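Beneath this line is the structure, given in structure tokens, with notes to follow.
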Amino acid sequence: MQRSQTILQRTLSTPVILIAILAIVALAALIVGTGPFNQTVIEIFIRIVLVVGLYVFIGNSGVISFGHIGFTCLGAYMTAWLTILPAMKKSKLKGLPDIILNAKLHYGWGLLAATIFAGLCAYIIGKVLMRLSGIAASIATFAVLAVIIQVYSNWDSVTGAQSSVVGIPIVRTVWPYFACAVLVVIVAYSYSISRSGLALRSARDEAIAASASGVDITRERLIAFVISGAMMGLGGALYAHSVGVVTPDTFYLNLTFICLSMLVVGGMNSLSGAVLGVVILSSIIQLLRWFEKGVDFGGSIVALPLGVQEIAIGVVMIVILMFRPSGLTRNKELSWPHWPFKQLPAGRSRAPTG
Amino acid sequence: MTALLQVFFDALSLGSLYALGALGIALIFGVMRLVNFAHGDYIAFCVFAMLWPSIDAAAIVFLGNLPAWVLIPVILVLGAGISVLSEILVFRRFRNANPATMMIASFALGFVIKYFLLMLYSSRPKSIDLWSAVSLPLEIFGARIPLLQVITIAVTLVILLGLVLFLKHTRYGLEMRAAAENFTMARMLGIRANTVIMMAFALSGMLAAAVGLILATQSGTADIQMGANLMLVAFVATVVGGLGSLPGAVFAGFLIGGLSSLMQAYLPPDARPFRDAFVYGAVIFMLIWRPNGLFTQKSAKQRV
């Protein structure tokens with residue numbers, strides 16, 4: 001009798017390949033080493049965290065959420081509250097509770113607190129919303145985003161309303177961002193092969209059959225929602241530490257749509273799609289930015305007029321979706337067949353060597 | 001009493017705009033299951049078409065100089081034109097794609113239109129003076145109502161009436177309603193898919209143009225972002241009303257407009273900045289109460 005491989009053995013190559021891609025991007029930053037390029041790579045890692053966060057919910061549940069960027073906002077403000085110098089907070093954000101007002105924590109604690117806080121909020125919101133499905137769920141999540149942004153852009157004493165919150169410690173090295181991106185990929189992968197992830201994906205493909213087989217769709221969705229909400233919070237905190245400034249407007253529709261576009265262009269239902277979508281679209285955007293600044297073609301400098309970059313990225317997205325409606329990866333995972341576990345005729349799996 | 005009347009007119013005129021926007025989105029959703037995020041950018045496009053392209057701060061009025069009886073049809077045709085063009089160039093190729101892909105494609109198209117406008121006109125809002133005479137107040141039972149509000153409401157009612165007549169009493173309207181109910185079945189019975197879909201896009205584009213004209217007259221500025229906010233509310237209204245249901249979209253548009261005006265008038269001053277948060281909170285509860293929207297179509301119900 002043949003013993004089939006476990007799901008871990010069959011799919012382990014996917015996260016390894018994805019992490020290798022991330023490592024190449026990080027190495028590129030290390031080799032080039034200039035300030036602006038470094039910042040670009042940091043931006044890519046932040047996007048990876050956000051888009052993979054979106055994938056965990058959207059990809060596994062099939063419900064499109066417009067509201068996840070709200071959790072990013074929660075995370076970004078959370079880390080801002082904890083890491084800004086107390087003196088600055090006392091003048092600008094008087095309404096904070098004393099314990100936060102006097103705190104001055106390392107940014108690592110800020111990231112952790114942002115993740116937990118966003119996850120907690122996702123749990124409360126998800127508890128109410130996860131019974132909805134389809135387009136009603138999408139709109140409800142959008143309404144959540146609108147509520148969060150409205151509250152944060154008007155609650156003067158706690159969030160500084162529309163004015164930007166400055167003084168967040170800036171972290172300029174690539175490694176913390178790289179580490180978070182890798183962590184998020186690993187967690188997303190583990191979730192998608194976990195019992196809950198498999199149940200949720202079965203519900204995505206055949207809701208009725210899944211619930212007839214005993215899958216509690218609401219519960220599985222809630223689990224995915226909390227994990228992805230926490231990831232979005234982490235992404236927001238990373239964003240806050242990469243630029244040092246947060247405003248509520250940053251976390252509204254533009255960011256929502258850019259992240260969603262990257263996910264859909266890459267392939268909505270696969271983790272590889274999320275990662276590749278970010279890497280490929282970000283690379284195209286970066287190329288176009290260079291062209292916008294002017295490129296030296298044999299002595300004559302050619303520069304694109306302002307606005308062409310955005311038009312080009314829009315056209316590229318439409319063209320990709322026209323030819324690959326299910327995304328660049330066609331919703332498949334990148335994998336390396338039979339690695340690292342060779343499928344042996346006797347059905348015994350060999351442990352990896354090296 | 002006069003204050004009440006004022007709130008009533010505010011609510012109706014805001015609701016009118018939302019209803020027209022929601023109708024534009026619901027028409028296309030009905031025949032194609034496409035949530036068209038480029039709708040807001042059609043609105044901006046129609047407004048900017050009245051200006052001559054220049055990146056200076058001062059606006060050079062171009063089409064806007066035409067007399068109203070020429071200008072209005074021209075803008076309506078332009079709106080229908082860009083909408084149909086986007087169908088032919090982009091959306092036709094997405095007929096069989098899943099809704100998420102279509103949605104992102106429409107968003108990308110809106111992005112292209114927006115930055116095209118930005119390239120031609122720069123991102124600064126420009127002042128545009130259209131029929132400023134209509135912003136004079138009008139006395140009704142002692143309340144001073146801007147004439148424009150009355151015109152907005154009247155125009156909306158006329159458009160709605162015209163649309164109802166078109167949908168109920170013409171061959172094309174009948175085809176469109178059949179297609180919205182069950183597209184595959186309608187095609188089997190000999191309705192041409194392309195004709196119906198292009199018609200829906202043309203109507204939706206005209207609605208965008210009408211909204212654009214009203215918005216431009218109301219605010220006196222042209223801004224590339226001007227359609228975006230309205231489009232979002234309209235989108236929410238379409239879902240709250242029940243996707244694919246045209247009366248539902250109109251009703252929900254008025255409902256949301258009314259709700260925001262009421263809150264603006266009667267919330268305590270401290271809570272007023274949070275008005276939109278309350279409105280969207282209400283939307284969440286509405287969706288939990290009736291996930292399929294207020295007016296559910298029989299064909300939209302899930303059968304097991």
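The values are calculated or read from the model by the stated rules, or taken from the named source; none is laboratory data. Predicted model only: the values in this text are computed from it and were never measured. Using ideal geometry, Cβ is built from the backbone for each residue, glycine included, and neighbour counts are taken over all protein chains shown.
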Review point. Is there a residue being out of contact with any strand residue (DSSP E or B) (no Cβ under 9 Å at 6 or more places or on another chain), hydrophobic (A, V, I, L, M, F, W, C), farther than 18 Å from B:V47 by Cα and at pLDDT below 90 anywhere in segment B:210-225?
Key: no
Point to revise | Members of segment A:67-120 that are of a type in the set (D, E) and closer than 13 Å to A:V246 by Cβ | key: none
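The rows are residues; the columns are (1) within 14 Å of chain A (Cβ to nearest Cβ); (2) over 19 Å from B:L34 (Cα atoms); (3) within 11 Å of the chain's Cα centre (by Cα).
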{"position": "B:L167", "(1), (2), (3)": "no, yes, no"}
{"position": "B:A180", "(1), (2), (3)": "no, no, no"}
{"position": "B:V196", "(1), (2), (3)": "no, no, no"}
{"position": "B:L232", "(1), (2), (3)": "yes, no, yes"}
Review point. Is there a residue being modelled with pLDDT under 90, of a type in the set (S, T, Y) and surrounded by 14 or more Cβ atoms within 10 Å (Cβ to Cβ) anywhere in segment B:50-60?
Key: yes
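If I go through segment A:310-338 residue by residue, how many of them are assigned to a helix (DSSP H, G or I) and within 8 Å of chain B (Cβ to nearest Cβ)?
Our first condition is that a residue be assigned to a helix (DSSP H, G or I); within segment A:310-338, this holds for A:310-323.
Those left that are additionally within 8 Å of chain B (Cβ to nearest Cβ): A:310-311, A:313-315, A:317-318, A:321-322.
Adding up the residues that qualify gives 9.
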Review point. Tell me, which helices (runs of 4 or more DSSP H) lie completely within segment B:169-285 with 2 or more residues that are hydroxyl-bearing (S, T, Y)?
Key: B:193-219, B:246-266
Check your understanding: assigned to a loop (DSSP other than H, G, I, E, B) and free of Cβ contacts under 8 Å to residues at least 40 places away in the same chain: does that describe B:P291?
Key -> yes
Study note, to complete from the structure: If you go through A:I116, A:I124, A:I168, the only one that is within 14 Å of chain B (Cβ to nearest Cβ) and either modelled with pLDDT of 95 or more or buried (at least 23 other Cβ atoms within 10 Å of the Cβ) (or both) is A:I124
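Among the candidates A:I100, A:I116, A:I170, A:I84, which residue alone is over 30 Å from B:V239 (Cα atoms) and touching a His at 6+ places or on another chain (Cβ under 8 Å)? Don't jump to the end; show me each part of the working.
Details: A:I100 fails: touching a His at 6+ places or on another chain (Cβ under 8 Å); A:I116 fails: touching a His at 6+ places or on another chain (Cβ under 8 Å); A:I84 fails: touching a His at 6+ places or on another chain (Cβ under 8 Å).
None of the other options fit; the residue is A:I170.
Enumerate the helices (runs of 4 or more DSSP H) found wholly within segment A:1-109, keeping only those where 3 or more residues are exposed (fewer than 14 other Cβ atoms within 10 Å of the Cβ).
On the way: elements: A:7-11, A:13-32, A:35-61, A:68-83, A:86-92, A:98-101.
Output list reads A:13-32, A:86-92.
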Check your understanding: List, please: which pairs have Cβ atoms under 8 Å, are six or more places apart or on different chains, and start with a residue in segment A:140-160 that is more than 9 Å from chain B (Cβ to nearest Cβ) and end with one that is assigned to a helix (DSSP H, G or I) and among the basic types (K, R)?
Key -> A:G160/A:K92
Check your understanding: Counting only residues that are in contact with a Lys or Arg (Cβ under 8 Å, 6 or more places away or on another chain), under 20 Å from B:V112 (Cα atoms) and buried (at least 24 other Cβ atoms within 10 Å of the Cβ), how many does segment A:260-298 have?
Key -> 2
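Among the listed residues A:V51, A:V56, A:V41, A:V32, which satisfies the condition of being within 25 Å of A:A230 (Cβ to Cβ), more than 14 Å from the chain's Cα centre (by Cα) and of a type in the set (A, V, I, L, M)?
Going through A:V51, A:V56, A:V41, A:V32 in turn, the sole match is A:V41.
Output the residues belonging to segment B:255-294 that are within 19 Å of B:D10 (Cβ to Cβ) and of a type in the set (G, A, S).
Residues of segment B:255-294 within 19 Å of B:D10 (Cβ to Cβ): B:255-269, B:271-276, B:278-279, B:282.
Of everything in segment B:255-294, those that are within 19 Å of B:D10 (Cβ to Cβ) and of a type in the set (G, A, S) turn out to be B:G257, B:G258, B:S260, B:S261, B:A265, B:A271, B:A282.
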Check your understanding: List the pairs whose first member sits in segment A:190-215 and is more than 14 Å from chain B (Cβ to nearest Cβ), whose second member is of a type in the set (F, W, Y), and whose Cβ atoms are under 8 Å apart, counting only residues at least 6 apart or on separate chains?
Key -> A:G197/A:Y191
**Study point:** Condition met for A:A179 (without any contact (Cβ under 8 Å) to a residue 24 or more places away in the chain, over 30 Å from B:F235 (Cβ atoms) and of a type in the set (A, V, I, L, M))
**Key:** yes
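Per-residue answers, yes or no, for (1) within 13 Å of another protein chain (Cβ to nearest Cβ); (2) of a type in the set (A, V, I, L, M, F, W, C):
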residue: B:L255; (1), (2): no, yes
residue: B:S260; (1), (2): yes, no
residue: B:Y266; (1), (2): no, no
residue: B:A271; (1), (2): yes, yes
residue: B:F274; (1), (2): yes, yes
residue: B:Y280; (1), (2): yes, no
residue: B:V283; (1), (2): yes, yes
residue: B:M286; (1), (2): yes, yes
